[in-house]
Amino acid sequence: MGLVSSDDNFNPGDVRFDSLGGILQWPDAHPWRNPDPTPSQIEDMVRKNGTLVISEPTAYGDRPGGCCTTNRNQILKYMRACEDISGCVWMYHSVCGLGWPAQCTFDWIPGG
């Protein structure tokens with residue numbers, strides 16, 4: 001069997017990984033968005049769960065609603081906050097990466 005993640009919807013009151021009885025192999029977090037977790041909240045998530053993959057942070061893009069931002073500095077700040085914490089792995093998340101809208105093009109990737 002391959003690796004299976006959780007895509008847990010962490011929020012400030014609930015940051016503990018649910019492994020579903022050991023079926024899920026690592027905490028794959030989908031934390032709250034806008035506002036992003038603070039560095040101390042990220043530390044709390046890592047402390048309670050061990051290695052943590054933040055796979056769906058606030059997305060870069062102009063999709064309406066609270067889960068996206070066009071502010072590149074917000075994305076970089078979130079990424080660096082995770083990278084500064086041992087055990088935290090951050091994955092870039094963009095509206096274009098979701099294929100929505102279908103005609104979207106990547107116009108920015110951190111470090112790219």
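The values are calculated or read from the model by the stated rules, or taken from the named source; none is laboratory data. Note that the structure is a prediction, hence the values are computed from the model and not measured. Cβ atoms come from the backbone with ideal geometry, glycine included; neighbour counts cover every protein chain shown.
So the values come out like this:
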read-out	value
Members of region 32-53 that are modelled with pLDDT under 90 and touching a helix residue (DSSP H, G or I) at 6+ places or on another chain (Cβ under 7 Å)	L52
Subset tally (residues that are at pLDDT below 90, surrounded by fewer than 13 Cβ atoms within 10 Å (Cβ to Cβ) and farther than 19 Å from N11 by Cα) for region 54-100	4
